[in-house]
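Notes follow once the structure below has been shown.
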Amino acid sequence: MTATSFVGGGQAGYNYEINRIVFGVEGDYDYYRAQETFIGGPIPTTSIVSYSQETKQNWLATVRSRLGWAAFDSLLIYGTGGVAFSDWQVNMHMTSAGVDAVFQSDQTRTGWTAGAGMEYGIDQHWSAKAEFLYMDFGNATGSSVFPPPNGADFTHNATAST
């Protein structure tokens, strides 16, 4: 299995503070080039002699609310959650007795995201932060069929989370 990735993007948001409690909303868009490839050999108890799977994500976007506590003058500790969007591609390829079966899915997926972080205010308009986000985009399901004489149907289920 091989995996590669790169992330870069931008974010905008607004915060409102009342007695050290901070309410906010933010959105971000990230170029997220993640790719994972898995190549396998024979599957025991079947006639499949090889298979491969490749998953890709090309971008991510979120719209989130956040709630935090201004621990010190310029440090904010917060939790965040909202909706997430991603371009998600899955390609599966199986070979049996020289015959191929292929499953492909290319979708913009909508899911949810939640996380936590710390943000430090550099001045009134700029800040730096460290944040953990979990994103879940559900499952992509589909099927592939080996034509006769192999004649087998396969159901595929791939989970998309980041």
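Before moving on, here are some points about what is shown:
- Qualifying residue in segment 135-147 (condition: exposed (fewer than 15 other Cβ atoms within 10 Å of the Cβ), modelled with pLDDT of 70 or more and either of a type outside the set (A, V, I, L, M, F, W, C) or over 24 Å from ARG64 (Cβ atoms) (or both)): yes
- Count of segment 8-21 residues which are surrounded by 12 or more Cβ atoms within 10 Å (Cβ to Cβ) and over 16 Å from TRP126 (Cβ atoms): 2
- Test for ASP100: is it among the acidic types (Asp, Glu) and part of a strand (DSSP E or B): yes
- When residues in segment 47-76 are screened for being basic (Lys, Arg), closer than 18 Å to ALA12 by Cα and either surrounded by fewer than 16 Cβ atoms within 10 Å (Cβ to Cβ) or under 14 Å from the mean Cα position of the chain (by Cα) (or both), 0 of them pass.
- Test for THR95: is it hydroxyl-bearing (Ser, Thr, Tyr), over 25 Å from the mean Cα position of the chain (by Cα) and assigned to a strand (DSSP E or B): yes
- Yes/no for ASP87 being more than 30 Å from TYR120 (Cβ to Cβ), part of a strand (DSSP E or B) and modelled with pLDDT under 80: no
- Among residues of segment 77-92 being within 22 Å of VAL22 (Cβ to Cβ) and surrounded by fewer than 18 Cβ atoms within 10 Å (Cβ to Cβ), the one that is farthest from the chain's Cα centre (by Cα) is ILE77.
The values are calculated or read from the model by the stated rules, or taken from the named source; none is laboratory data. All values reported here derive from a predicted model rather than from experimental measurement. Cβ: placed from backbone, ideal geometry, glycine included. Neighbour counts: every protein chain shown.
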